[in-house]
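Engineer: Before anything else, here's the structure in question.
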Amino acid sequence: MKTSELAADCRKSIGLKPSIAAAMAVALLLISFLGCGRPKTAATVSGVISLDGEPLESGVISFYPISGGSTTAAQSAGATIDKGGRYRTEILPGRFRVEISSSRPVGQRKRYEGLPDSPMDDILEEVVPAAYNTSSTLDRDISLDTKTLDFVLQSKPSAKN
């Protein structure tokens, strides 16, 4: 819709003078193109996750906010990990407990025992040590300036990571 058509519509609907209607139409168009100019409240964080020097091939990374010793699920964030060990997520600033998980198939089993034509399901084994996932000792501070956050994991974690 052209500015002149928008102005005519505004003028007809609310009975304004043509100059005021045109000014309002231009202002509305500018606002829609420029946005509201809200300040950025979340950081876009990305990185690479490796285990024993090799990038993880799949998995998930989760960030759980730490606030006075407890976590708040409403502010948690996470992302999937691709074949190159890469992830990317939007996250609010704060201190976070980080959990990283990746599994691999180690065998198969029948979904329905006793049925000869039962579909087969993979038996999965967690690749990442518990110190980085279910019993994670990882924590990080994230600010609006945080852009890259890599994780270098070891099969035998040390006390500090």
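Engineer: Could you state how much accessible area R111 has, in square angstrom rounded to the nearest 10, with a 1.4 Å probe and all protein chains kept in place?
Structural biologist: We get 120 Å² for R111.
Engineer: For the residue pair E90 and S46, what label-to-label distance in nm results when each label sits 7 Å from Cα along the Cα-to-beta-carbon direction?
Structural biologist: About 1.5 nm separates the two model spin labels.
Engineer: Please give the peptides 93-101, 124-132 ranked by average Cβ packing (other Cβ atoms within 10 Å per residue), highest first, as a rough proxy for protection. Please list the in-between numbers first.
Structural biologist: Numbers: 93-101: 18.3, 124-132: 16.6.
Packing proxy ranking, top to bottom: 93-101, 124-132.
Engineer: Please report Rg over Rh for region 79-126, where both radii come from the alpha carbon positions and Rh follows the Kirkwood definition. All intermediate terms of the calculation are to be shown ahead of the outcome.
Structural biologist: Numbers: Rg = 17.4 Å, Rh = 14.3 Å.
Ratio of gyration radius to Kirkwood radius for region 79-126: 1.22.
Engineer: Oh, and also: In square angstrom, rounded to the nearest 10, how much accessible surface does K110 have for a 1.4 Å probe?
Structural biologist: Only protein atoms counted, so the area is about 70 Å².
The values are calculated or read from the model by the stated rules, or taken from the named source; none is laboratory data. None of these values were measured; they are calculated from a predicted model. Neighbour counts are summed over all protein chains in view; Cβ atoms, including those assigned to glycine, are modelled from backbone coordinates with ideal geometry. Surface areas here come from the heavy atoms of the whole protein model, side chains and all, with no ligands, DNA or RNA. Shrake-Rupley method; radii C 1.70, N 1.55, O 1.52, S 1.80 Å.
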